Amino acid sequence: MKYIINQTGIVLFMNNKPQKFISSDPKYAAIITALRLPSDQQEAAIDKALQEADVNRNIKQSGFSVNASTREVSYYGELLPAPLAQKVFSLIEQNLPVTLLEKFWDNLKQNPSYNSVRELYDFLSYKELPITEDGCFLAYRGLRDNFYSATGNLETKVLQGTVNSKGQIYNGVGEHIEVQRNCVDDDRNNSCSFGVHAGSWDYARDWSQGKMVVVKINPKDVVSVPSDYDCQKLRCCAYTVVSEVECEILASATDDNG
């Protein structure tokens with residue numbers, strides 16, 4: 001590892017590019033410690049030290065505790081499941097505040113069903129979906145060209161939203177849809193069943209008959225994640241239509257407007 005050190009700090013030449021760290025930088029002491037190692041161990045040790053310093057800076061004043069080596073994350077001592085731990089690291093790597101996940105975690109704890117919470121982890125494991133500033137997450141719906149759902153069920157009690165004579169729900173941008181929770185099938189072994197659905201981009205695109213929209217879902221409103229489709233879809237009792245969309249959103253987090 002090539003470097004220049006003086007009284008004010010140190011300059012590392014990493015990938016032939018200079019990076020300066022002043023002596024008051026929290027990373028400085030870790031770098032000096034790494035440079036005391038044998039030369040063939042220095043680069044790996046410095047990479048690890050910088051990664052851990054970035055992690056520690058991002059989680060400062062939050063309830064998260066992160067082990068950069070094992071990729072484990074705890075929240076006030078409670079070990080997070082792998083999908084949520086991965087989300088924390090994604091936020092850190094993109095220099096986004098991990099407090100976003102604190103709100104998500106708080107919302108999730110309001111879900112009354114143990115099974116719904118555990119099944120949501122399976123859904124989030126399939127493909128990382130963006131979370132919002134208020135602790136919700138984004139998913140997709142494929143719709144008819146007039147923004148009505150592809151199928152309908154007249155027995156579903158719709159508490160908020162416009163329903164046509166076939167039981168199909170209107171999903172125009174800005175609409176908040178809510179159905180009675182016990183009108184949503186909570187058995188994940190039932191594939192096509194009653195309740196409103198959302199899913200990954202790949203799943204929703206298969207159902208599109210002209211329109212694709214992004215919906216915002218509070219984790220407390222998730223009811224079940226069917227085992228088919230590789231857990232790419234879920235049933236919930238409420239969501240808000242954020243916007244029409246033509247391509248998948250790849251960010252780890254987004255603002256409330258999607």
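Read the figures in this text as sums done on the coordinates, not as results from a lab. A quick note: this is a predicted structure, and the numbers were derived from the prediction, not measured. All Cβ positions, glycine included, derive from the backbone under ideal geometry; neighbour counts span all protein chains shown.
Once the dipole of the stretch 130-258 is set up with Lys and Arg at +1 and Asp and Glu at -1 on Cβ about the Cα centre, which of Ser149, Ala204, Pro130 lies farthest towards its positive end? With unit charges placed on the Cβ atoms, the residue in question is Ser149. Each of the GluC sites (Glu not before Pro) that DSSP puts in a loop and that has at most 10 other Cβ atoms within 10 Å breaks the chain; the longest unbroken stretch is 1-154. Using the Cβ-Cβ distance between Ala44 and Tyr229 with R0 = 41 Å, the FRET efficiency computed as 1/(1 + (r/R0)^6) comes to roughly 0.50. Listed values for the stretch 170-187 are Karplus-derived 3J(HN,Hα) couplings in whole Hz (6.51 cos²θ - 1.76 cosθ + 1.60, θ = phi - 60°), namely 7, 10, x, 4, x, 5, 9, 10, 9, 10, 4, 4, 6, 9, 10, 5, 9, 9, and x replaces Gly and Pro.
Annotation: the stretch 110-193 has a Kirkwood hydrodynamic radius of 14.8 angstrom, from the mean reciprocal C-alpha pair distance. Scaling against 2.2 N^0.38 Å puts the C-alpha radius of gyration of the chain at 1.26.
Structural size metrics of the stretch 1-118, computed from C-alpha coordinates, are Rg and Dmax of 17.9, 59 Å. For the stretch 34-41, backbone phi angles converted through the Karplus equation (6.51, -1.76, 1.60; θ = phi - 60°) give residue-by-residue couplings of 5, 6, 7, 6, x, 4, 6, 10 Hz, Gly and Pro being listed as x. Which of the pairs Lys87/Lys109; Lys109/Lys157; Lys103/Lys211; Lys109/Lys166; Lys166/Lys233; Lys87/Lys220 have their Cα atoms more than 27 Å apart in this structure? The answer is Lys103/Lys211; Lys109/Lys166. Working from Cα positions, state the angle (0 to 90°, nearest 10) between the long axis of helix 82-93 and the longest principal axis of the chain. The angle comes out at about 60 degrees.
Helix 114-126 axis versus longest C-alpha principal axis of the chain: approximately 70°, rounded to the nearest ten.
Close amide-amide hydrogen proximity is noted between Val215 and Ala139, Tyr140, Arg141, Val242, each under 5 Å apart and 5 or more residues distant or on a separate chain (H modeled in the peptide plane; Pro and chain starts excluded). The value of relative contact order for the chain, using C-alpha pairs under 8 Å at least six residues apart, is 17 percent.
The GNM of the chain, with springs linking C-alpha atoms under 10 angstrom apart, assigns the highest mean-square fluctuation among Arg144, Arg36, Arg235 to Arg36.
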